[in-house]
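Undergrad: The structure's right below; bear with me while I get my questions together.
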Amino acid sequence: MSVLDVCGMRVGYEVVGEGPAVLLLHGWGGCVASMSPIREALRDEYTVVSVDLPGFGESEMPEEVWGSAEYATCVAGLLEAAGFPRLLSAVGHSFGGKVAMHLALQGRIPVGSLVLVGTPGARLPLSKQARRRIAQVKLAKRAARMMPPAVRTAVDTRVSRLGSTDYRNAGLMRPILVRAVNEDLRELLPRISVPTLLVWGRLDQDTPIEIARIMESSIRGSGLVVMERSGHFPYLDEPAAFNAVARSFLASMREGEGR
């Protein structure tokens, strides 16, 4: 594991293998190790660069409330400092996929292709249950402002339990999580011009398959592979099938660059 000072903070990353550079970006709450099954499947033919996104693993937390675009800018700075001026592909899971999309669109580091795994690139309308939960949280927060400090703390604790597991565990990263969850990148999708592979778990409850359909129809020339027995982590649920799909896609990208 290596560490570089970029964007005013220490950011951890790991480099293994030889060949064209492929970037791995983990999802929310993950780290370099989260993507190790993909790293091990690719390292025999590619230089695999795995990054601890700021606030996770060995990387320091941003001082400001970043969105996925700011994360992409930081990753670009890391790649430049580490000596990777271009990428054959960026592989991103969930939140890491949003960062990968911005990285490709910013153009600071040329990205030849994208592999987006369970990436929430568009937001669906909230369910009735979700709207009710948000209303409860807002009402509780308003009421807490008029209460003594001890009672306010108890209310805050109760409110945090109404959120998702990521929300409950986010700690100081909670404002960044809230911003990330509320991002809707739908308007950016038509601007993606590089070959894009979408890999989704049919059973994904965090990023439903409807989002994959929206992204496939909006990203010109993209392709969708649905893994029938997978949830939000197809590279863990069906590793052999996932790795076969990823390797096939990357091989085609490598052949295209060789022409």
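The values are calculated or read from the model by the stated rules, or taken from the named source; none is laboratory data. Keep in mind it's a predicted model, so treat the numbers as computed, not measured. Every residue, glycine among them, receives a Cβ derived from its backbone with ideal geometry; neighbour counts consider all protein chains shown. Keep in mind that these areas ignore ligands, DNA and RNA; they rest on the heavy atoms of the full protein, side chains included. Shrake-Rupley method; radii C 1.70, N 1.55, O 1.52, S 1.80 Å.
Undergrad: Report, ordered by the first and then the second residue, all pairs with beta carbons closer than 9 Å, sequence separation of six or more or different chains, a first member in region 60-84 that is farther than 13 Å from L103 by Cα, and a second member that is part of a helix (DSSP H, G or I) and among the charged types (D, E, K, R).
TA: As it stands, the answer is P62/E70; E64/E70; V65/R179; W66/R179, since those pairs meet every condition given.
Undergrad: Also: Yes or no: region 20-33 includes at least one residue that is modelled with pLDDT of 95 or more and more than 20 Å from the chain's Cα centre (by Cα).
TA: yes
Undergrad: Does region 196-217 hold any residues that are open to solvent by 30 Å² or more (accessible area, probe 1.4 Å) and polar (S, T, N, Q), and which are they?
TA: Of everything in region 196-217, those that are open to solvent by 30 Å² or more (accessible area, probe 1.4 Å) and polar (S, T, N, Q) turn out to be Q205, S217.
Undergrad: Restrict the check to region 91-110 and report whether at least one residue is at pLDDT below 65 and either within 16 Å of G27 (Cβ to Cβ) or open to solvent by 60 Å² or more (accessible area, probe 1.4 Å) (or both).
TA: No; the residues of region 91-110 include none that is at pLDDT below 65 and either within 16 Å of G27 (Cβ to Cβ) or open to solvent by 60 Å² or more (accessible area, probe 1.4 Å) (or both).
Undergrad: Out of all the residues in region 227-250, which are in contact (Cβ under 8 Å) with a residue 12 or more places away in the chain and aliphatic (A, V, I, L, M)?
TA: The answer is M227, L236, A241, V245, A246, L250.
Undergrad: When you scan region 221-237, how many residues do you find that are at pLDDT 95 or above and more than 19 Å from the chain's Cα centre (by Cα)?
TA: We begin by selecting, within region 221-237, every residue at pLDDT 95 or above; these are 222-237.
Those still in the list that are more than 19 Å from the chain's Cα centre (by Cα) too: 228-229.
Count: 2.
Undergrad: For the subset of region 218-232 comprising residues that are within 18 Å of L105 (Cα to Cα) and not basic (K, R), which member is most open to solvent (accessible area, probe 1.4 Å)?
TA: Among those that are within 18 Å of L105 (Cα to Cα) and not basic (K, R), it is G221.
Undergrad: So, in region 63-72, of the ones that are touching a helix residue (DSSP H, G or I) at 6+ places or on another chain (Cβ under 7 Å) and not small (G, A, S), which residue ends up nearest to R108 (Cα to Cα)?
TA: Here the answer is Y71.
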